[in-house]
Amino acid sequence: LYSLATMTFDKFLVRCALPIRDVALSPDGVWCAVASDELTVKIVKTADTSTVLYLRDQAKPVKHLAFDPSGSYIALSCTDGLVYIYSLLSDEPELITKIDGLIRSVETDSEISAKVAWHPDGRAFAAPTPTRDIQVVSRGDWENQRKFTNGHMGDVTALAWSPNGALLATAGKDRKILLWETKTQNIIARYDHANVMDLAWHPTNNLVSFTNTDGEVYIYNDSVPAEHVQLLKLGRQPAPFIHDPLSEISANVRRATVNGIKDVPIRGTRK
């Protein structure tokens, strides 16, 4: 664990007997999840390293980890092509679903990504598929929603949502970085960069940084073209659902005006 306040090493959190493949801090920084070639994922409390949660249900090693924005759920992408979703709402983690057929099976040391990327609104996540598309899956029922298609000609190696969820950045073995508009799933920019392994958006600026297999870090200013930069200035955008329950509820509320009187109850709506 390193401290951003002092820019110095703080302490060791945990050691693993086999190579570590991914590390993820919970959004509040209270927990650190560690995946290695061991079958068990460890989630260590950063303030008290003697407090550890263990995720043991997966049959193969875990390549990627991803906390949801609330820190209530964690997604594990395993080398056997299964995504495990655990709830962290109670003292003991609970496996709530296993998703088969979404990601491809891939070795832990492969450059190909099978990582789950939670949308900032927390209601869905995206993951690269074996067909080189990006599939969105809803958290409520774990069903497939919109899909980002016809983009990469090679396997996906990285993906990341913009902070407001209006854009998705992806990289692939086709030596391309693509920027997609979330609402339409259309590509708005293409850049030529090879061997990209990870992507990150700046919290507020029009800037994307990425790393490659040569150990280089790139900082790409003005990565979103001028004609689309307004997308970064929007408030938090919804995840791309096929039938968005929030939109449907809002539509029902708008229709609930009879003879100029609002708030007329409609069967099946919720406030």
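The values are calculated or read from the model by the stated rules, or taken from the named source; none is laboratory data. Computed from a prediction, not measured in an experiment: that's the story for all the values here. A quick note on method: Cβ atoms are made from the backbone with ideal geometry, for glycine too, and the neighbour counts reach across all protein chains shown. Note: areas computed on protein heavy atoms with side chains; ligands, DNA, RNA excluded. Shrake-Rupley method; radii C 1.70, N 1.55, O 1.52, S 1.80 Å.
Conditions (1) out of contact with any strand residue (DSSP E or B) (no Cβ under 8 Å at 6 or more places or on another chain); (2) at pLDDT 95 or above, marked per residue:
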position	(1), (2)
THR6	yes, no
LYS42	no, yes
ASP48	yes, yes
ALA66	no, yes
VAL83	no, yes
LEU88	no, yes
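Could you grab me the full set of residues in region 152-196 that are in a loop (DSSP other than H, G, I, E, B), closer than 23 Å to ASN221 by Cβ and not hydrophobic (A, V, I, L, M, F, W, C)?
Step one: filter region 152-196 for residues in a loop (DSSP other than H, G, I, E, B), giving 152-155, 162-166, 173-175, 182-185, 193-195.
Those still in the list that are closer than 23 Å to ASN221 by Cβ too: 162-166, 175, 182, 193-195.
Scanning region 152-196 gives SER162, PRO163, ASN164, GLY165, ARG175, THR182, HIS193, ASN195.
Restricting the search to region 207-238, which residues are open to solvent by less than 60 Å² (accessible area, probe 1.4 Å), assigned to a loop (DSSP other than H, G, I, E, B) and of a type in the set (Gly, Ala, Ser)?
Here is the first cut: in region 207-238, the ones open to solvent by less than 60 Å² (accessible area, probe 1.4 Å) are 207-212, 223-225, 228-229, 231-232, 235, 237.
Filter again for assigned to a loop (DSSP other than H, G, I, E, B), leaving 223-225, 235, 237.
SER223, GLY235, listed by residue number.
State all residues of region 100-121 that are crowded, with 19+ Cβ neighbours inside 10 Å and outside any loop (DSSP other than H, G, I, E, B); if no residue qualifies, say none.
ALA117, TRP118
Which of (1) in contact with a strand residue (DSSP E or B) (Cβ under 9 Å, 6 or more places away or on another chain); (2) among the β-branched types (Val, Ile, Thr); (3) closer than 24 Å to PHE67 by Cα; (4) open to solvent by 60 Å² or more (accessible area, probe 1.4 Å) does THR204 not meet, given it meets every other one?
Failing condition for THR204: (1).
Quick test of your reading of the structure: SER77 fulfils all but one of (1) assigned to a loop (DSSP other than H, G, I, E, B); (2) of a type outside the set (Val, Ile, Thr); (3) at pLDDT 95 or above. Name the failing condition by number.
(1)
Any residue at all in region 184-198 that's surrounded by 16 or more Cβ atoms within 10 Å (Cβ to Cβ) and closer than 14 Å to GLY165 by Cα?
yes
Pick from region 122-149 the residues that are of a type in the set (D, E, K, R) and within 22 Å of LYS63 (Cα to Cα): which of them is surrounded by the most Cβ atoms within 10 Å (Cβ to Cβ)? Walk me through it before giving the result.
Narrowing region 122-149 to residues of a type in the set (D, E, K, R): 123, 132-133, 139, 141, 143, 146-147.
Still in the list and also within 22 Å of LYS63 (Cα to Cα): 132-133, 139.
On the way: ARG132: 19, ASP133: 18, ARG139: 21.
Checking each candidate, the answer is ARG139.
How many residues are more than 13 Å from ARG21 (Cβ to Cβ) and assigned to a loop (DSSP other than H, G, I, E, B) when one looks only at region 41-65? I'd like the intermediate steps shown before the answer.
To start, the set of residues in region 41-65 that are more than 13 Å from ARG21 (Cβ to Cβ) comprises 43-57, 59.
If we keep only those that are assigned to a loop (DSSP other than H, G, I, E, B) too, we end up with 46-47, 56-57, 59.
Of the residues in that region, 5 qualify.
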